[in-house]
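Each value in this text was obtained by applying a stated rule to the coordinates, not by laboratory testing. All figures in this text were calculated on a predicted structure; none of them were measured in a lab. Virtual Cβ from ideal backbone geometry, glycine too; neighbours counted across all protein chains shown.
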C-alpha cells in the first residue's frame with residue numbers, strides 16, 4: 001500500500017467525494033454522520049497508486065490476498081445499520097484495507113478490528129496510524145473467535161459472507177447491542193441485523209441482497 005504522505009488530497013479528490021456522497025444519498029443513505037465521514041476520508045489513500053482512478057467509483061476493488069475494499073454504498077449501508085455514536089465500542093471482523101474502520105472512527109466509534117490475512121494486517125496496522133487513526137485497535141487473528149478479552153461490545157460488524165451466525169461472537173455482544181452480518185452462501189448474501197436480547201437470544205431483521213468474499217476460520221499461517 002502506498003505511503004499516504006506521498007499522496008495528496010486535491011480539490012479534484014474532494015469534488016469526487018462530494019459527488020459520491022450525493023450518489024449515496026440518492027441510493028437511500030440518510031445518516032448524516034455516515035455521509036460526513038465518507039466525504040471527509042480520502043478513499044484513494046486505501047488504494048495502490050496504480051488504481052487511484054477507481055477510488056471514487058461505487059464498486060468493490062481488489063486489495064490483495066483475495067480480498068476487496070467494499071463498494072462505498074455497502075460501507076455506508078452497513079455503517080448506517082450499525083447506528084453508532086460517539087464512544088460506541090465496535091468490533092469489526094475483517095479489517096481489509098481499513099477503510100470501513102476509518103469510517104466508523106470518524107463517526108466517533110471506538111473500533112477494535114481483526115484481520116486474518118497477515119499481509120493486509122501488516123499494511124493496515126501501519127496505514128491507519130499514519131492517517132491519524134491512532135484510536136483504532138488492530139489485531140491479527142481469527143474473526144470467528146472475536147476478542148473475548150475486550151468484550152462486551154456495543155456493536156459487531158462482519159464484513160465477509162458468513163454461512164451462519166457465529167455464536168461465539170453473539171456472546172461478546174452486550175444485551176441490546178447490534179450485530180450486522182451478511183448471511184448466506186458464497187454467491188450472494190442477505191444483509192442481516194441482529195439485536196441481542198437480555199436472555200442471550202436475538203431479534204433478527206433482513207435488509208437486502210449483497211455480495212461479499214467468504215468469512216474464513218483461523219488466521220492465515
(message) Let me check against my output: what whole-number percent is the relative contact order of the stretch 100-183, with C-alpha pairs under 8 Å and at least 6 apart?
(response) 26 percent
(request) Quick one: compute the contact order of the chain, relative version, from alpha carbon pairs under 8 angstrom and 6+ residues apart, as a percent. (result) 15 percent
(message) Which of 153, 210, 140 ends up with the largest GNM mean-square fluctuation for the chain, with Cα atoms connected below 10 Å?
(response) 210
(message) Using only the alpha-carbon atoms, how far is helix 118-130 inclined from the longest principal axis of the chain? Give it as 0 to 90 degrees, nearest 10.
(response) 60 degrees
(request) With springs connecting C-alpha atoms under 10 Å apart, model the chain as a Gaussian network and identify which of 115, 106, 168 has the largest mean-square fluctuation. (result) 168
(request) Of the DSSP beta bridges with both residues in the chain, give the percent that are antiparallel, rounding to the nearest 5. (result) 45 percent
(request) Evaluate the distance, in nm, between pseudo-label points positioned 7 Å from the Cα of residue 18 and of residue 135 along their respective Cα→Cβ axes. (result) 2.8 nm
(message) In the stretch 135-150, whose amide N lies under 15 Å from the spot 7 Å out along Cα-to-Cβ of residue 86? List them in ranges.
(response) none
(request) Please find, in a Gaussian network model of the chain (springs between Cα atoms separated by less than 10 Å), the residue of 52, 169, 147 whose mean-square fluctuation is greatest. (result) 52
(message) Given an 8 Å cut-off on Cα distances and at least 6 residues of separation, report the relative contact order of the stretch 1-95 as a percent.
(response) 27 percent
(request) In nm, give the distance between the simple-model label positions of residue 149 and residue 8, each being 7 Å from the Cα along the Cα-to-Cβ direction. (result) 4.4 nm
(request) Give the Rg (one decimal place) followed by the Dmax (whole number) of the chain, computed from C-alpha coordinates and expressed in Å. (result) 16.3, 52
(request) On a 0 to 90° scale, report how tilted helix 11-26 is relative to the longest principal axis of the chain, with both axes built from alpha carbons and the result rounded to the nearest 10. (result) 40 degrees
(request) Mark the label point 7 Å from the Cα of residue 71 along Cα→Cβ and return the residues of the stretch 165-197 whose backbone N is within less than 16 Å of it. (result) 187-191
